[in-house]
Ligand SMILES: [Fe+2]
Ligand SMILES: [Fe+2]
C-alpha cells in the first residue's frame, strides 16, 4: 500500500505553461535530431534519426494545435541545435537525455491533468513515442559501446 498522498491536480495555467515547455523541447529535438542525422557517417543511424526528427516535428505541430485550442499562443520558433560531442555515441547519449526528460515530464502531465482528457490523451500518445525513441537510442548506444 503506497503511503497516502494528496491528489495532484494541475491547474489550467500550470498545464499551459508545461505545454509550452514541451513544445520548446520538441522543437529542440527536431533541431538536434536533424543535425545529428546529417553529422553521422552511419547510413542506418542517419535514416533512423531522420525518422525521429519527423516524429518530433509532428509532436510539435500537435502541441501547437492543442495550445491554440486551449487559447494560448504558441511561438513557431525553431531553436539552434545544442553544442555536440565528437562521436555518434555522444550525440545519441545527448538525444537519450532529452528523451529521458520528456518521458518523466509527459508522465507527470498524464498523471496530474485531471480536468482535460484531450490533453491527457495527447501527452499519453507523445509519451509512448518518446519511450520507443528512448528504447531505440538505448539499444543503439549499447551496440556502439560493444563495437568500441
Ligand atoms: Fe517528441
Ligand atoms: Fe522523442
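Laboratory data are not the source of any read-out in this text; all were calculated from the coordinates shown. Values in this document were obtained by computation on a predicted structure and should not be read as measured data. Heads up, the Cβs are rebuilt from the backbone with ideal geometry, glycines too, and the neighbour counts pull from every protein chain shown.
Descriptive notes on the structure:
- When residue 90 is tested against (1) over 30 Å from residue 148 (Cα atoms); (2) surrounded by 12 or more Cβ atoms within 10 Å (Cβ to Cβ); (3) out of contact with any helix residue (DSSP H, G or I) (no Cβ under 9 Å at 6 or more places or on another chain), just one condition goes unmet, and that condition is (1).
- Whichever residue in segment 18-46 is away from ligand 2 (no atom under 16 Å from the Cβ) and over 16 Å from the mean Cα position of the chain (by Cα) and, among such residues, is surrounded by the most Cβ atoms within 10 Å (Cβ to Cβ): 40
- All positions within segment 129-144 that are near ligand 2 (Cβ under 10 Å from one of its atoms) and loosely packed, with under 14 Cβ neighbours inside 10 Å: 132
- In a residue-by-residue description of segment 55-64, the property of being in a helix (DSSP H, G or I), within 16 Å of ligand 1 (Cβ to nearest atom) and more than 18 Å from residue 124 (Cα to Cα) applies to no position.
- Any chance residue 5 is out of contact with any strand residue (DSSP E or B) (no Cβ under 6 Å at 6 or more places or on another chain) and within 18 Å of residue 125 (Cα to Cα): no
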